[in-house]
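The values are calculated or read from the model by the stated rules, or taken from the named source; none is laboratory data. Quick caveat, the model's predicted, so the values are computed rather than measured. Virtual Cβ from ideal backbone geometry, glycine too; neighbours counted across all protein chains shown.
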């Protein structure tokens, strides 16, 4: 494996990409220990500093974990969320199921809040209208991945205040009660924000760590405004396929 | 404007969301100075610490800029990239045009590299095949936004080694030479990585700042494998609409 020095791609990044390629292609499957720094440095004919940098970047990006005194191991691959393939947005529960993981949901709270002007506009609500805010921590095989915030109009969704929404799909639950489901091709805006202390503590990441912030104005199967979703997702555990 | 304390959404985050709402709805347009900390703290009946936190988070997310001794100003809105709306991926040039900005491209280098196994597999190339790597810095109204890396098979694209690809759409250029264009609905994977020193210096951001990393295996209008794109985008300047 000869790397090209002095080119457009720094050496450590070439090592990163080669290792990622090997991980994706199953040469180093999840749970497996990758070769030591000394071995990698020999394999690629690069310095150990270069190897160390490549490995620590891949660890920061969520691909590898260093274990003190034991070596460096391949993480389980990131959850892959498909968006907009054939106009279907995968739910978190479906995303997990597709990868053989068990989706969990811990209810952090349910409250009634006043709707903002922009929210009232989208949902078609009058002045003073209120929303039910359901805040849950979503896990995949018990690993915290996402803080889920769904806002339904209070009127018509009062039942959410009494519902048991642990470890369940809120979309399925609401469908059983109202017959309404998200249409699935609503516009989603995706940005990156920094984890606040509260978010960091719930998601078990460092304060300031980047999170995907996904906001969706959901309509239902008949195109009627339905709910507003605001999700915060750990970047190092998640990939979007769009 | 009465905020609700002790609820599921921390006070500073409610202030953030209200300010974002006001910015998006044009109450505070780009370039405008927002009310001072003292004024905001009075408007929302919250402490100045809460206001300061909301404002500095919005600055970190790219919505506001603090100017020493002058106040806090609303930034130009983030570039919005539409993906997968009617199966069309917006090019960078189109994304800028839609927002009335001038897309620029500075060529950082063009080189020939050996194709990795995964790259050969997608592009249908044999052992030892080579790629042309075109690396450019993309700007919008002269602000660096994206490091663009496009990899074409060397065979058939030798002309790229001699081409002047400054301030031009590489897709348009290649189309003129070969008649081939990206089909536009190829699978794109989107993750977040940290800016390396090289990336940070090119994009004029801090080392470690989060970047979108977008990888696309492009096919052409006939569904034939075409090129591989690897783009690094400044998160604080960019929003995906999907």
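Yes/no matrix, rows are residues, columns are (1) modelled with pLDDT of 85 or more; (2) crowded, with 16+ Cβ neighbours inside 10 Å:
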| position | (1), (2) |
| --- | --- |
| B:75 | yes, yes |
| B:80 | no, no |
| B:108 | yes, no |
| B:120 | yes, yes |
| B:123 | yes, yes |
| B:127 | yes, no |
| B:135 | yes, yes |
| B:143 | yes, no |
| B:146 | yes, yes |
Residue selected from region A:172-214 under the condition at positive phi and touching a strand residue (DSSP E or B) at 6+ places or on another chain (Cβ under 8 Å), by the criterion nearest to the other protein chains (Cβ to nearest Cβ): A:208
Only one of (1) free of Cβ contacts under 8 Å to residues at least 12 places away in the same chain; (2) surrounded by fewer than 16 Cβ atoms within 10 Å (Cβ to Cβ) does not apply to residue B:45, and that is (1)
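Looking at region A:203-233, which of its residues are more than 29 Å from residue A:154 (Cα to Cα) and part of a strand (DSSP E or B)?
Once the filter is applied, which keeps residues that are more than 29 Å from residue A:154 (Cα to Cα) and part of a strand (DSSP E or B), region A:203-233 yields only A:210.
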Whichever residue in region B:175-189 is at pLDDT below 85 and assigned to a strand (DSSP E or B) and, among such residues, is surrounded by the fewest Cβ atoms within 10 Å (Cβ to Cβ): B:189
Going by the structure shown, is residue B:5 within 13 Å of another protein chain (Cβ to nearest Cβ), over 17 Å from residue A:115 (Cβ atoms) and over 27 Å from the mean Cα position of the chain (by Cα)? yes
Select from region A:218-236 the residues that are within 18 Å of the chain's Cα centre (by Cα) and either over 14 Å from residue A:192 (Cα atoms) or surrounded by fewer than 18 Cβ atoms within 10 Å (Cβ to Cβ) (or both) and write down the one among them that is farthest from the other protein chains (Cβ to nearest Cβ). A:229
Here are B:163, B:200: which of them is at pLDDT 90 or above, part of a loop (DSSP other than H, G, I, E, B) and surrounded by 15 or more Cβ atoms within 10 Å (Cβ to Cβ)? B:163
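Here's the yes/no breakdown for (1) within 14 Å of chain A (Cβ to nearest Cβ); (2) under 15 Å from residue A:17 (Cβ atoms); (3) in contact with a helix residue (DSSP H, G or I) (Cβ under 8 Å, 6 or more places away or on another chain):
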{"residue": "B:109", "(1), (2), (3)": "yes, no, no"}
{"residue": "B:115", "(1), (2), (3)": "yes, yes, yes"}
{"residue": "B:134", "(1), (2), (3)": "yes, no, yes"}
{"residue": "B:142", "(1), (2), (3)": "no, no, no"}
{"residue": "B:148", "(1), (2), (3)": "yes, no, yes"}
{"residue": "B:155", "(1), (2), (3)": "no, no, no"}
Of those in region A:206-225 that are farther than 21 Å from residue B:240 by Cβ and in contact with a helix residue (DSSP H, G or I) (Cβ under 8 Å, 6 or more places away or on another chain), the residue modelled with the highest pLDDT is A:225
Among (1) touching a residue at least 40 places away in the same chain (Cβ under 8 Å); (2) closer than 25 Å to residue B:242 by Cβ, the one test that residue A:160 misses: (2)
Are any residues in region B:126-152 over 24 Å from residue B:233 (Cα atoms) and in contact with a strand residue (DSSP E or B) (Cβ under 6 Å, 6 or more places away or on another chain), and if so, which ones? B:130
Restricting region B:14-29 to residues that are out of contact with any strand residue (DSSP E or B) (no Cβ under 8 Å at 6 or more places or on another chain), outside any helix (DSSP H, G or I) and more than 9 Å from chain A (Cβ to nearest Cβ), the residue that is surrounded by the most Cβ atoms within 10 Å (Cβ to Cβ): B:27
